[in-house]
Structures are given as C-alpha cells and as structure tokens.
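> First, the structure itself, so that you have it in front of you.
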Amino acid sequence: MTMIEIARFADVYEAEIAASRLRSDGYDPVLGGAEHVKANPLVLQALGGVNLSVPNDQAAAARTLLERLRGGAERIEDADPVSANPVRKAGPLALLAAIGLGFLVGS
C-alpha cells in the first residue's frame, strides 16, 4: 500500500484534528513527525512541519474533504454570540458593599 502525502501542518495539534476527522470518515491517515514534534517542538522547522498521508486510493477524496473543511464547509455558528456592549449586572450599590466589607474585614 503506497501512502500519499495530502497535507502538511505547522501545528501538530491541527494535524491531529485533521487526522481524527479523516479517521471518523473511514480514511486511514498516518501522521509523519507528530511524535517527534510533541517530544521536542523545536524540530518542527527541521522536519518541515507534520505531514498527513493516506493510502493512494483514498488520496483524492481525502484531499477534497480537507479543502472543504479548511474553507469552512462545516463551520458551526455560535448560538449565543458575545455582545460588544456587555450589560453590567452589578451596580454602584454592589461596589459600595464590597468596599464596606473590605473595611470591616481589614480592621
């Protein structure tokens, strides 16, 4: 079985996520250099990144899937986005109570 490199990653954990996704879809990915980089992150540059390979007969379909995922094909939208102007729940009374409590505890 001939393995074909379909992607190269500058982040070992991104490579692990991609390999896990491919594995969940029935592909047989192999990461090259991942364990070396986890043991010594400085080797990442020397290795040229972490490579992701799959068997020759799976290469085209796996490459297409990765391209779709990188393009945001399955992005999950946040159901409760963070507001740019948060609502303050504690008012001036809470601040005064905290200061008063600080004086009582400190004395």
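> Would you be so kind as to identify which of Leu95, Val30, Ala10 lies farthest towards the positive end of the dipole of the chain, taking Lys and Arg as +1 and Asp and Glu as -1 on Cβ and the Cα centre as origin?
Result: Leu95, furthest along the dipole toward the positive end.
> Find how much the distance from Arg8 to Leu101 grows on full extension, using 0.36 nm per residue of separation minus their present alpha carbon separation; answer in nm with one decimal.
The Arg8-Leu101 span can extend by a further 27.8 nm.
> Still on this structure: Filter the chain for me: DSSP H helices, axial length by Cα at least 30 angstrom, mean Kyte-Doolittle hydropathy not below 1.6. List them by residue number.
Passing helices, by number: none.
> Which of (i) 50, 21, 10; (ii) 30, 12, 12; (iii) 18, 17, 13 is the computed semi-axes √(5λ) of the Cα gyration tensor in Å for the structure on display?
(i)
> Let me ask something else. Computing the accessible area with a 1.4 Å probe over protein heavy atoms, can you report the carbon and sulfur percentage for the range 1-74?
So the carbon and sulfur contribution to the accessible surface is 52 percent.
> Okay, next question. With an 8 Å Cα cut-off and a minimum separation of 6 or more residues, compute the relative contact order for the chain in percent.
Over the chain, the number comes to 30 percent.
> On to the next question. If you take the charge dipole of the chain about its Cα centre, with +1 on Lys and Arg Cβ and -1 on Asp and Glu Cβ, which of Ala19, Leu47, Gly106 is farthest toward its positive end?
Value computed over the given set: Gly106.
> On to the next question. Report the charge-dipole magnitude of the chain in Debye, nearest 20, computed about the Cα centre from +1 at each Lys and Arg Cβ and -1 at each Asp and Glu Cβ.
With only Lys, Arg, Asp and Glu charged at Cβ, the dipole is about 400 debye.
> Rounded to the nearest 20 debye, what is the charge dipole size of the range 1-60 about its Cα centre when +1 sits on each Lys and Arg Cβ and -1 on each Asp and Glu Cβ?
Rounded to the nearest 20 debye, it is 100 debye.
> Something else now. Residues of the chain: accessible area per residue at 1.4 Å, in Å²?
The answer is 75 Å² per residue.
> Within the range 13-29, what residues put their amide N at less than 12 Å from the label point 7 Å along the Cα-to-Cβ vector of Leu47?
13-16
The values are calculated or read from the model by the stated rules, or taken from the named source; none is laboratory data. Since the structure is predicted, the reported quantities are computational estimates derived from the model, not experimental observations. Note that each Cβ is placed from the backbone with ideal geometry, even for glycine, and that neighbours are counted across all protein chains shown. Just the protein is used for accessible areas: all its heavy atoms, side chains included, with ligands, DNA and RNA removed. Shrake-Rupley method; radii C 1.70, N 1.55, O 1.52, S 1.80 Å.
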